[in-house]
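Comments concern the structure below.
What follows draws every value from the coordinates through simple rules; no lab data is involved. Note that the coordinates shown come from a computational prediction; the quantities given were computed from them, not determined experimentally. Positions of Cβ are generated from backbone atoms using ideal geometry, with glycine treated the same way; all protein chains shown enter the neighbour counts.
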Amino acid sequence: MSQLSVDHLLGIKYLKAEDIELIFETADHFKEVINRPIKKVPSLRDITIANLFFENSTRTKLSFELAEKRLSADVINFSASQSSVKKGETLVDTVNNILSMKVDMVVMRHPNPGAGVFLSRHIDASIINAGDGAHEHPTQALLDSYSIRERLGEVGGKKVVIVGDILHSRVALSNIFALKLLGAQVKVCGPKTLLPKYINSLGVEVETDLRKALEWCDVANMLRVQNERMDISYFPSTREYTQQFGVNKTLLDALDKEIVIMHPGPINRGVEITSDVADSKQAIILNQVENGVAIRMAVIYLLASKIKK
């Protein structure tokens with residue numbers, strides 16, 4: 001298969017396993033490119049991409065921007081906090097104004113779940129969802145699975161536990177979809193108050209004991225507690241959360257095997273993982289960041305090749 005089965009990247013749930021394999025193979029190629037002295041390819045010289053961020057984001061935005069520039073695309077950055085959205089302009093109007101500048105692709109982060117799907121029905125450009133509320137964050141899940149494949153050889157058959165705030169996490173949902181599609185076994189671990197009611201319907205197991213979860217897994221993906229999405233208190237205190245669900249070096253060294261530690265960032269050091277874990281050789285957190293650029297280059301390149309000029 002040399003083409004994606006979709007015209008937009010709205011969520012992992014719309015992809016097939018073959019789509020993910022194609023994205024990974026393309027990312028392998030781009031990973032070579034970004035490690036060369038000259039890190040640019042002229043692939044998308046005639047493509048214009050608008051980055052629309054209706055929510056603050058540093059890492060994802062920088063990663064997309066870098067990916068776009070490595071592919072030689074023309075880039076427009078739009079930050080909603082300094083825009084007419086504040087004056088009451090609708091999403092469709094905002095985007096149509098940007099599209100009238102002849103934009104081919106829109107990378108969008110939005111606080112409302114389904115914003116990308118809504119947009120894809122109303123405008124004639126390729127949409128990449130860079131995170132919609134607590135719903136999906138497909139490129140993060142792709143780069144996470146790609147990083148597991150890089151470290152362990154493959155994703156199929158591996159045991160992955162996602163630890164922490166599953167309820168508010170778009171990273172968790174997209175990761176569950178991607179890992180299951182690629183044949184991994186998935187468990188989630190966290191306070192009961194931070195596990196969504198529908199979790200069992202996703203085909204994952206719940207483990208409330210962190211030690212048992214770590215003894216079971218090959219990979220632990222440690223999520224940040226998303227305080228900014230919480231309107232009530234979901235656990236007594238940060239200290240108590242860390243005691244029950246934080247990973248430190250003592251805990252890691254006590255396991256009878258070496259597991260891989262991942263984190264989508266930004267890390268709350270000393271909360272979900274301690275600094276000596278984040279900086280240890282078991283952690284692939286910086287690899288995830290590097291792989292994020294290659295994966296986003298692959299997604300943009302593959303979607304751009306479907307745009308009818």
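Laid out as a table, the results:
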{"quantity": "Span-rule helices in the chain, defined as complete DSSP H runs reaching 15 Å or more along the axis (Cα) with Kyte mean at least 0.0", "calculated": "17-34, 170-181, 285-304"}
{"quantity": "Order of 273, 20, 76 under a 10 Å beta carbon neighbour criterion, fewest first", "calculated": "76, 20, 273"}
{"quantity": "Evaluated at q = 0.12 Å⁻¹: base-10 log I(q)/I(0), Debye formula over Cα of region 128-200", "calculated": "-0.30"}
{"quantity": "Spin-label model distance (nm) - residue 151 vs residue 112, 7 Å beyond Cα toward Cβ", "calculated": "3.8 nm"}
{"quantity": "Calculated P(r) tail over 21 Å for region 138-288, as whole % of Cα pairs", "calculated": "37 percent"}
{"quantity": "Relative contact order %, region 89-142, counting alpha carbon pairs below 8 Å whose residues are six or more apart", "calculated": "35 percent"}
{"quantity": "Burial ordering of 121, 109, fewest other beta-carbon atoms within 10 Å first", "calculated": "121, 109"}
{"quantity": "Mean separation of Cα contacts under 8 Å, 6 or more apart, over the residue count of the chain: relative contact order %", "calculated": "20 percent"}
{"quantity": "Mean Cα-pair separation over length for region 75-191, i.e. relative contact order, pairs under 8 Å, 6 or more apart, %", "calculated": "20 percent"}
{"quantity": "Calculated [θ] (222 nm, deg cm²/dmol) that DSSP helices of n ≥ 4 give over the chain, each run adding -39,500 (n - 2.57)", "calculated": "-11500 deg cm²/dmol"}
{"quantity": "Whole-Å distance, taken between Cα centres, linking region 241-309 and region 156-219", "calculated": "15 Å"}
